[in-house]
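Novice: Next up is a structure, given as structure tokens.
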Amino acid sequence: MSPVSRRPRPAGGAHAEAALPQEGRRRIRLRAPPGSGVAPSGPTIPTPAVRQALRVATYNIHKGVLRDFVGLRRVARIHELRSRLHELGGDLIFLQEVQGQHAHHARRFEHWPAEPQDVFLAKSPKLKQSFETAYGCNATYLHGHHGNALLSRYPILGLENRDVSDHALEKRGVLHCVVRIDGMEVHCFVVHFGLLARSRERQLDALIDWVSREVAPDAPLIIAGDFNDWRNRLSERLCADIGVAEVFDALGPKVELVQRAAYFTRDRFPPAGASEPAAKAAARMVRTARTYPALVPWLRMDRIYQRGFRVSAVRVLRGIEWARLSDHSPLVADLELLDPGG
């Protein structure tokens, strides 16, 4: 088990701010569901009551250091990263490649934070809002260590970090935090999987087993992070085994007519020699967002899966202003925590 640390919100950050005050945060317009605002025809279907609305983001911050666009020198971006993260107005921010310590960067870069990056990022530059933080160390080396972190405007009740490394050359981990939101315990898993397909499959096995054993089937759940699953081979099994839905898939536009015809054909006329389960799996693929590389996002690397929430908006934050901060684009979703009692 890897070292973990939990740091409470610094003085002055009241929990009442968890409702996300509108003033002082940058307005980010997320995509609303198609046809929203149009009254449905037919009988009214009762919808579950909403307990709390919250904004969730996942972001691989590349340790707060990135090469310039020419690629000749490394530039510290950690201060600008902090400003942009607080402009998101997020309630739960799932971070990967967070530097707990780096002696070389501290000597090389002027104004490099003396504190761990999760603590530094949790403090608002304007000192109006702050987060509680949890950090799980994944990789250690002579000059420091890095791992996953969760920034939360809600109380973090407990945490555990597990080493899911598949081989010695790639250190990976999953950080599990229990967060209290409006009296309910929400389970949050911060994920960073490996670069090899077989490694990711075994890491997914470990994650599914962990959730199945230790999280109640009806408990609210968010799993977010960098899955490195650019071929989208993990989503179907994760969604099927533990009952989660990917936010982009839940809110994505309806499949076009041509795609529907293709799915229909593949479902009824599978390739020769294909087994029945394989043919059924080919009929539909969970939609995910393109988040990498940040300059021109093309690969589907980062995900947010949820259970017990309603997705109201989702967006990948693209553009030069984000591409200069990390090689990944942030994925942001507005969720509504549903009352299990209806």
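Novice: Restricting to region 295-311, what's the tally of residues that are in contact (Cβ under 8 Å) with a residue 12 or more places away in the chain, open to solvent by 40 Å² or more (accessible area, probe 1.4 Å) and more than 22 Å from D241 (Cα to Cα)?
Specialist: Residues flagged as in contact (Cβ under 8 Å) with a residue 12 or more places away in the chain, open to solvent by 40 Å² or more (accessible area, probe 1.4 Å) and more than 22 Å from D241 (Cα to Cα) within region 295-311 amount to 2.
Novice: Among residues belonging to region 125-162 that are open to solvent by 30 Å² or more (accessible area, probe 1.4 Å), of a type in the set (D, E, K, R) and at pLDDT 95 or above, point out the one that is farthest from S199 (Cα to Cα).
Specialist: E160
Novice: Also, I was wondering about something else. Any idea which of I223, I242 is under 27 Å from L337 (Cα atoms) and over 16 Å from the mean Cα position of the chain (by Cα)? Walk me through it before giving the result.
Specialist: On the way: I223 fails: over 16 Å from the mean Cα position of the chain (by Cα).
Among I223, I242, only I242 is under 27 Å from L337 (Cα atoms) and over 16 Å from the mean Cα position of the chain (by Cα).
Novice: Is it the case that V191 is modelled with pLDDT of 95 or more, within 17 Å of the chain's Cα centre (by Cα) and open to solvent by less than 10 Å² (accessible area, probe 1.4 Å)? Break it down into steps so the answer makes sense when it comes.
Specialist: Working: modelled with pLDDT of 95 or more: yes; within 17 Å of the chain's Cα centre (by Cα): yes; open to solvent by less than 10 Å² (accessible area, probe 1.4 Å): yes.
Here the answer is yes, as V191 does meet what is asked.
Novice: I need the helices (runs of 4 or more DSSP H) fully contained in region 239-320, keeping only those with at least 3 residues that are at pLDDT 60 or above.
Specialist: Details: elements: 247-251, 257-268, 276-282.
Fully inside region 239-320 and qualifying: 247-251.
Novice: Could I ask something else about it? Could you list all residues from region 173-188 that are farther than 25 Å from D229 by Cα, open to solvent by 10 Å² or more (accessible area, probe 1.4 Å) and not in a loop (DSSP other than H, G, I, E, B)?
Specialist: Correct list: V178, R180, M184, E185.
Novice: Starting from residues that are part of a loop (DSSP other than H, G, I, E, B) and crowded, with 20+ Cβ neighbours inside 10 Å, keep the ones in region 321-342 and report whichever is nearest to the chain's Cα centre (by Cα).
Specialist: Within region 321-342, the first condition is being part of a loop (DSSP other than H, G, I, E, B), and the residues that meet it are 324-330, 339-342.
Then keep just the ones that are crowded, with 20+ Cβ neighbours inside 10 Å; that gives 325-326, 328-330.
Numbers: L325: 17, S326: 15, H328: 12, S329: 11, P330: 8 Å.
Top of the filtered list is P330.
The values are calculated or read from the model by the stated rules, or taken from the named source; none is laboratory data. Remember, predicted model here, so these are calculated numbers, not experimental data. When we count neighbours, we look across all protein chains shown, and the Cβ atoms used for this are built from the backbone with ideal geometry, even at glycine. For accessibility, only protein heavy atoms count, side chains too; no ligands or nucleic acids. Shrake-Rupley method; radii C 1.70, N 1.55, O 1.52, S 1.80 Å.
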